(Lines give C-alpha, C1' and ligand atoms only; values in the text may rest on other atoms or scores of the structure.)
Protein backbone atom coordinates (compact mmCIF):
# COMPACT_ATOMS: atom_id res chain seq x y z
CA UNK A 1 0.00 0.00 0.00
CA UNK A 2 1.30 3.45 -0.92
CA UNK A 3 1.94 6.16 1.67
CA UNK A 4 -0.88 8.30 0.25
CA UNK A 5 -3.28 5.38 0.62
CA UNK A 6 -2.22 4.68 4.20
CA UNK A 7 -3.00 8.24 5.26
CA UNK A 8 -6.31 8.32 3.38
CA UNK A 9 -5.48 10.87 0.66
CA UNK A 10 -5.88 8.48 -2.27
CA UNK A 11 -8.36 5.58 -2.31
CA UNK A 12 -7.12 2.08 -1.57
CA UNK A 13 -9.20 0.71 -4.43
CA UNK A 14 -10.66 2.58 -7.37
CA UNK A 15 -14.08 1.99 -8.83
CA UNK A 16 -14.54 -0.84 -11.31
CA UNK A 17 -13.92 0.43 -14.83
CA UNK A 18 -16.86 -0.53 -17.02
CA UNK A 19 -17.57 1.67 -20.03
CA UNK A 20 -14.39 3.64 -19.39
CA UNK A 21 -10.63 3.36 -19.19
CA UNK A 22 -8.31 5.50 -17.08
CA UNK A 23 -4.78 6.60 -17.92
CA UNK A 24 -3.18 3.99 -15.66
CA UNK A 25 -4.83 1.12 -17.54
CA UNK A 26 -4.30 2.66 -20.99
CA UNK A 27 -0.61 3.23 -20.23
CA UNK A 28 -0.24 -0.31 -18.86
CA UNK A 29 -1.81 -1.88 -21.93
CA UNK A 30 0.44 0.11 -24.26
CA UNK A 31 3.44 -1.01 -22.23
CA UNK A 32 2.35 -4.64 -22.67
CA UNK A 33 1.92 -4.15 -26.42
CA UNK A 34 5.40 -2.65 -26.49
CA UNK A 35 7.01 -5.45 -24.49
CA UNK A 36 5.29 -8.33 -26.28
CA UNK A 37 5.07 -7.00 -29.83
CA UNK A 38 6.52 -3.59 -30.75
CA UNK A 39 9.94 -4.22 -29.19
CA UNK A 40 10.25 -7.53 -31.08
CA UNK A 41 10.60 -5.76 -34.44
CA UNK A 42 13.50 -7.60 -36.06
CA UNK A 43 15.23 -4.96 -38.17
CA UNK A 44 18.01 -2.58 -37.15
CA UNK A 45 16.98 1.07 -37.26
CA UNK A 46 20.11 2.26 -39.03
CA UNK A 47 22.87 0.66 -41.06
CA UNK A 48 25.85 2.82 -42.00
CA UNK A 49 23.67 5.91 -42.16
CA UNK A 50 20.85 4.28 -44.11
CA UNK A 51 17.55 3.20 -42.65
CA UNK A 52 16.72 -0.49 -42.78
CA UNK A 53 13.60 -0.53 -40.57
CA UNK A 54 11.23 -1.42 -43.40
CA UNK A 55 7.85 -2.74 -42.23
CA UNK A 56 7.35 -4.80 -45.37
CA UNK A 57 9.17 -8.11 -45.00
CA UNK A 58 9.66 -7.73 -41.24
CA UNK A 59 8.28 -10.04 -38.57
CA UNK A 60 5.48 -7.52 -37.94
CA UNK A 61 4.68 -6.94 -41.61
CA UNK A 62 1.72 -9.34 -41.49
CA UNK A 63 0.30 -7.61 -38.43
CA UNK A 64 0.51 -4.21 -40.14
CA UNK A 65 -1.17 -5.66 -43.23
CA UNK A 66 -3.99 -7.01 -41.05
CA UNK A 67 -4.34 -3.73 -39.14
CA UNK A 68 -4.64 -1.68 -42.32
CA UNK A 69 -6.86 -4.16 -44.15
CA UNK A 70 -9.21 -5.34 -41.38
CA UNK A 71 -8.93 -2.89 -38.46
CA UNK A 72 -8.37 0.59 -39.91
CA UNK A 73 -9.84 -0.49 -43.28
CA UNK A 74 -7.41 1.68 -45.17
CA UNK A 75 -5.60 0.88 -48.44
CA UNK A 76 -2.55 -1.22 -47.64
CA UNK A 77 -0.42 0.99 -49.88
CA UNK A 78 -0.80 3.68 -47.19
CA UNK A 79 1.10 1.57 -44.64
CA UNK A 80 4.18 3.60 -43.64
CA UNK A 81 7.41 2.41 -45.20
CA UNK A 82 9.43 2.59 -42.00
CA UNK A 83 8.75 1.35 -38.50
CA UNK A 84 10.39 3.77 -36.08
CA UNK A 85 9.80 7.45 -35.22
CA UNK A 86 6.67 9.51 -34.68
CA UNK A 87 5.46 9.72 -38.28
CA UNK A 88 6.31 6.11 -39.11
CA UNK A 89 4.50 2.85 -38.41
CA UNK A 90 4.96 2.66 -34.66
CA UNK A 91 4.24 6.36 -34.24
CA UNK A 92 0.97 6.04 -36.15
CA UNK A 93 -0.16 3.17 -33.91
CA UNK A 94 0.87 5.01 -30.75
CA UNK A 95 -0.96 8.18 -31.78
CA UNK A 96 -4.12 6.19 -32.54
CA UNK A 97 -3.96 4.23 -29.28
CA UNK A 98 -3.66 7.24 -27.00
CA UNK A 99 -6.46 9.12 -28.76
CA UNK A 100 -8.77 6.11 -29.02
CA UNK A 101 -12.07 5.80 -27.18
CA UNK A 102 -12.10 3.31 -24.29
CA UNK A 103 -13.79 0.60 -26.37
CA UNK A 104 -11.37 1.13 -29.25
CA UNK A 105 -8.49 0.42 -26.89
CA UNK A 106 -10.02 -2.96 -26.08
CA UNK A 107 -10.77 -3.55 -29.79
CA UNK A 108 -7.15 -2.81 -30.64
CA UNK A 109 -5.64 -4.98 -27.89
CA UNK A 110 -7.88 -7.90 -28.85
CA UNK A 111 -7.09 -7.46 -32.56
CA UNK A 112 -3.32 -7.44 -31.98
CA UNK A 113 -3.61 -10.57 -29.85
CA UNK A 114 -5.39 -12.35 -32.71
CA UNK A 115 -3.18 -11.21 -35.60
CA UNK A 116 0.15 -10.77 -33.81
CA UNK A 117 2.89 -13.43 -33.60
CA UNK A 118 1.30 -16.52 -32.03
CA UNK A 119 4.25 -17.39 -29.80
CA UNK A 120 3.42 -14.32 -27.69
CA UNK A 121 -0.31 -14.93 -27.39
CA UNK A 122 -0.77 -16.85 -24.13
CA UNK A 123 1.70 -14.81 -22.10
CA UNK A 124 0.28 -11.58 -23.51
CA UNK A 125 -3.26 -12.55 -22.54
CA UNK A 126 -2.13 -13.55 -19.03
CA UNK A 127 -0.31 -10.24 -18.62
CA UNK A 128 -3.34 -8.28 -19.85
CA UNK A 129 -5.62 -10.06 -17.41
CA UNK A 130 -3.21 -9.30 -14.56
CA UNK A 131 -3.30 -5.61 -15.44
CA UNK A 132 -7.08 -5.66 -15.94
CA UNK A 133 -7.38 -7.00 -12.41
CA UNK A 134 -4.80 -4.62 -10.95
CA UNK A 135 -6.50 -1.57 -12.44
CA UNK A 136 -10.02 -2.79 -11.57
CA UNK A 137 -11.14 -3.20 -15.16
CA UNK A 138 -14.54 -4.83 -15.59
CA UNK A 139 -13.20 -6.81 -18.55
CA UNK A 140 -11.03 -9.88 -19.03
CA UNK A 141 -9.68 -12.06 -21.82
CA UNK A 142 -11.65 -15.31 -21.86
CA UNK A 143 -11.11 -17.86 -24.63
CA UNK A 144 -9.28 -15.25 -26.71
CA UNK A 145 -11.97 -12.57 -26.46
CA UNK A 146 -12.31 -9.58 -24.13
CA UNK A 147 -15.64 -9.76 -22.34
CA UNK A 148 -17.29 -8.02 -19.41
CA UNK A 149 -16.79 -10.02 -16.25
CA UNK A 150 -17.72 -9.61 -12.60
CA UNK A 151 -14.83 -11.33 -10.80
CA UNK A 152 -11.63 -13.30 -11.24
CA UNK A 153 -13.49 -16.36 -9.91
CA UNK A 154 -15.92 -16.06 -12.80
CA UNK A 155 -13.04 -15.93 -15.28
CA UNK A 156 -11.51 -19.05 -13.72
CA UNK A 157 -14.80 -20.93 -13.84
CA UNK A 158 -15.36 -20.13 -17.51
CA UNK A 159 -11.79 -20.99 -18.47
CA UNK A 160 -11.92 -24.23 -16.48
CA UNK A 161 -15.17 -25.20 -18.19
CA UNK A 162 -13.61 -24.59 -21.60
CA UNK A 163 -10.46 -26.49 -20.62
CA UNK A 164 -12.47 -29.48 -19.36
CA UNK A 165 -14.46 -29.50 -22.59
CA UNK A 166 -11.37 -29.79 -24.82
CA UNK A 167 -11.80 -33.54 -25.53
CA UNK A 168 -15.40 -32.89 -26.50
CA UNK A 169 -15.34 -30.67 -29.58
CA UNK A 170 -19.10 -30.00 -29.64
CA UNK A 171 -19.17 -28.91 -25.99
CA UNK A 172 -16.24 -26.54 -26.47
CA UNK A 173 -17.91 -25.04 -29.53
CA UNK A 174 -21.09 -24.33 -27.55
CA UNK A 175 -19.14 -22.67 -24.72
CA UNK A 176 -17.11 -20.55 -27.13
CA UNK A 177 -20.28 -19.62 -28.99
CA UNK A 178 -21.97 -18.56 -25.73
CA UNK A 179 -19.00 -16.29 -24.91
CA UNK A 180 -19.13 -14.72 -28.37
CA UNK A 181 -22.89 -14.09 -28.13
CA UNK A 182 -22.61 -12.56 -24.66
CA UNK A 183 -19.61 -10.40 -25.50
CA UNK A 184 -21.47 -8.55 -28.28
CA UNK A 185 -22.66 -5.58 -26.24
CA UNK A 186 -24.39 -3.86 -29.17
CA UNK A 187 -26.54 -6.88 -29.99
CA UNK A 188 -26.14 -9.39 -27.16
CA UNK A 189 -27.95 -12.61 -27.96
CA UNK A 190 -28.94 -13.70 -24.46
CA UNK A 191 -31.46 -16.27 -25.65
CA UNK A 192 -28.99 -18.20 -27.78
CA UNK A 193 -26.14 -17.78 -25.30
CA UNK A 194 -28.33 -19.42 -22.65
CA UNK A 195 -29.34 -22.10 -25.14
CA UNK A 196 -25.69 -22.86 -25.84
CA UNK A 197 -24.98 -23.01 -22.13
CA UNK A 198 -27.81 -25.45 -21.48
CA UNK A 199 -26.84 -27.59 -24.44
CA UNK A 200 -23.52 -28.01 -22.65
CA UNK A 201 -25.08 -28.76 -19.25
CA UNK A 202 -27.36 -31.40 -20.78
CA UNK A 203 -24.44 -33.48 -22.00
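The values are calculated or read from the model by the stated rules, or taken from the named source; none is laboratory data. Here the structure is a predicted model, which is why all the values come from computation and not from measurement. Note that each Cβ is placed from the backbone with ideal geometry, even for glycine, and that neighbours are counted across all protein chains shown.
Can you find, within the range 3-25, the residue that is surrounded by the most Cβ atoms within 10 Å (Cβ to Cβ) among those that are touching a helix residue (DSSP H, G or I) at 6+ places or on another chain (Cβ under 6 Å) and at pLDDT 90 or above? So, considering only residues that are touching a helix residue (DSSP H, G or I) at 6+ places or on another chain (Cβ under 6 Å) and at pLDDT 90 or above, the one surrounded by the most Cβ atoms within 10 Å (Cβ to Cβ) is 21.
Before we move on, is residue 99 surrounded by fewer than 18 Cβ atoms within 10 Å (Cβ to Cβ), at pLDDT below 95 and under 21 Å from residue 28 (Cβ atoms)? For residue 99, the condition - surrounded by fewer than 18 Cβ atoms within 10 Å (Cβ to Cβ), at pLDDT below 95 and under 21 Å from residue 28 (Cβ atoms) - is not met. Considering only residues in the range 105-116 that are in contact with a helix residue (DSSP H, G or I) (Cβ under 8 Å, 6 or more places away or on another chain) and surrounded by 15 or more Cβ atoms within 10 Å (Cβ to Cβ), the one that is farthest from residue 66 (Cα to Cα) turns out to be 105. Within the range 82-96, the set of residues being in contact with a helix residue (DSSP H, G or I) (Cβ under 8 Å, 6 or more places away or on another chain) and either buried (at least 18 other Cβ atoms within 10 Å of the Cβ) or more than 14 Å from residue 33 (Cβ to Cβ) (or both) comprises 82, 83, 84, 85, 86, 89, 90, 93. Does the range 87-96 include one or more residues that are at pLDDT below 95 and touching a strand residue (DSSP E or B) at 6+ places or on another chain (Cβ under 8 Å)? There is at least one residue in the range 87-96 that is at pLDDT below 95 and touching a strand residue (DSSP E or B) at 6+ places or on another chain (Cβ under 8 Å).
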